[in-house]
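Report on the following structure.
The values are calculated or read from the model by the stated rules, or taken from the named source; none is laboratory data. Predicted, not measured: the structure shown is a model, and the values here were computed from it. Counting neighbours? That spans all protein chains shown, and the Cβs are built from the backbone with ideal geometry, glycine included.
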Amino acid sequence: MTEGSSANAEVAIVLPLGIVANQLMRIEAQLRLLNMKTLDFATERDQGRHIGLIGARLEQINEALDSISRLVSNIEHEILSKPQTPSPADDSPSSPDVVYRAFANRKPTPDRDD
């Protein structure tokens, strides 16, 4: 892989994936906080009028998470189905062979323990 195409791949794929990973970690933290608030809310009275709104939002979140999971699986499949053979000296953390080995050692998405 040439230096230019490696830099292009990093800018086009690796960096945006890092940004998405960071955003998802922030969303996870927000969901944890909302979970704690929900536990407090469940002990209060007059929660009936909000249950429908909360349920609708949770359904939207679940649909988005399912879609994200499918997209991540598609990306993994595309990477694993087209492994590139780097030169023997290319053992950098972002080389295709190192990335391929990292994905190849992972459990499939449905079997992962999160």
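List of remarks:
Conditions (1) modelled with pLDDT of 55 or more; (2) in a helix (DSSP H, G or I); (3) surrounded by 10 or more Cβ atoms within 10 Å (Cβ to Cβ), marked per residue:
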site	(1), (2), (3)
Arg57	yes, yes, yes
Ile61	yes, yes, yes
Glu76	yes, yes, yes
Pro88	no, no, no
Ser94	no, no, yes
Val98	no, yes, yes
Phe103	no, yes, yes
Asp114	no, no, no
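- Hits in the range 44-55 (condition: at pLDDT below 75 and part of a helix (DSSP H, G or I)): Gly48, Arg49
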